[in-house]
Amino acid sequence: MARIIAVANQKGGVGKTTTAINLAASFAVSGVETLLVDCDPQSNASSGLGLVKDPERLSTYHLLMREATGEQALQKTALAKLTIIPAHKNLIGANIELVDAEDRAFRLKEALTPLRERFQVIVLDCPPALDLLTLNALVASDGVLVPMQAEYFALEGISELLDSIERVRVSLNPQLGIEGVVLTMFDDRTNLAQQVTAELKKYFGEKLCQTTIPRNVRLAEAPSHGKPALLYDERSKGAESYMQLAQEILQRSLPELIAAPQEEKQAVNEGGRWRRWKERNTLTTINISGKQ
Ligand SMILES: Nc1ncnc2c1ncn2[C@@H]1O[C@H](COP(=O)(O)OP(=O)(O)OP(=O)(O)O)[C@@H](O)[C@H]1O
Ligand SMILES: [Mg+2]
């Protein structure tokens, strides 16, 4: 049964879509059957993975309106183990069209349930709002991954998000927990970043991911080529850090998925990327500990 992870923060431009795309791609390269669901009318996750705008395409909108099944809306990507359900700009209308539907918060969950057999992880990219779309994502999820920037006002607005998560947990989805909080566009050379990180550590404890995502131009460039960073520049700091984040989340929530021996991994990982990453990673560890 797939674990469903919503990437959510109502604040705009904090790196939700960048995280959703690159985390999903990193899971796929690690041999995990992954589905990315674009829940944002801006459709940035869909175009970031190279899907051209097509007014006819089946999207999350059709799922919410019960006009298509999840199975019908699946689209392939350049990675064999990464599938996507794209969004469409008319998704914005779903907020209004569903306003009188009694089960309006459960539509996405209903559509994704049959797909949980087929995938091991499902990543949901949420819009920058605590609207009905994000509510549907929270109701459908097991965990929420919150991307945040290490800035002075980082915690402002977070209490609102945490309240929403808590309300959903109490009344609509007792499963729901915080998968993690990940610092994006991070620059650890600044004092401010370090102070804010220390504050966040106090506030979130173990939920604050050890992996941070640096500000990296490759991450910003990759979507315009319709690729996740690991297909655009496999060795960039951005691609590497999302691979690291994927391993951290797997270790934490889905250890059974990383238990496979390396030989098996080599057979399933995409184009040897996981193996090469692992080799680089081992080398880095040796270098740091000075045992070379
Ligand atoms: N680590 C990073 N390094 C450099 N640029 C980044 C990084 N993460 C995100 N960006 C850039 O910052 C901008 C906002 O990122 P992104 O679209 O992922 O945020 P978002 O939270 O999904 O935004 P929205 O709230 O509009 O959905 C984009 O231009 C993206 O390319
Ligand atoms: Mg986005």
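Taken together, the values in this text are just the output of simple stated rules run on the coordinates, not laboratory data. Please read these numbers as outputs of a predicted model, since none were measured by experiment. Don't worry about glycine lacking a Cβ; one is built from the backbone with ideal geometry, like all the others, and counts go over all protein chains shown.
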ask   = Sorted by mean Cβ packing within 10 Å, highest first, what order do the peptides 224-231, 274-281 take?
value = 224-231, 274-281
query = In degrees from 0 to 90, rounded to the nearest 10, what is the angle of the helix 16-29 Cα long axis to the longest principal axis of the chain?
reply = 70
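Which whole-number value in Å³ per residue fits the convex hull of the alpha carbons of the chain? Please list the in-between numbers first.
Working: hull volume 37.4 nm³, N = 292.
Taking only Cα atoms, the chain has a hull volume of 128 Å³ per residue.
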key: Dimensionless Rg over Rh [the range 1-156; C-alpha; Kirkwood]   = 0.94
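Relative contact order of the chain, please, whole-number percent, based on alpha carbon pairs below 8 angstrom and at least 6 residues apart.
Numbers: 546 pairs, mean separation 69.9, N = 292.
Relative contact order for the chain comes out at 24 percent.
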remark   = For PHE186, other-chain or 5+-apart residues with amide H closer than 5 Å (H placed, Pro excluded) are ILE213, ARG215
query = Over the C-alpha atoms of the range 77-231, what are the Rg and the largest Cα-to-Cα span, Dmax, in Å?
reply = 17.3, 50
request  = Return the percentage of antiparallel bridges among DSSP beta bridges fully within the range 3-289, rounded to the nearest 5 %.
outcome  = 5
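Rounded to the nearest 500 deg cm²/dmol, what is the calculated helix-only ellipticity per residue at 222 nm for the chain, with -39500 (n - 2.57) per DSSP H run of length n ≥ 4?
On the way: 14 runs with 128 residues, N = 292.
The helix contribution divided over the chain gives -12500 deg cm²/dmol.
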message = Taking the 0 to 90 degree range and rounding to the nearest ten, how far is the long axis of helix 158-171 tilted relative to the main principal axis of the chain, both from C-alpha atoms?
response = 60
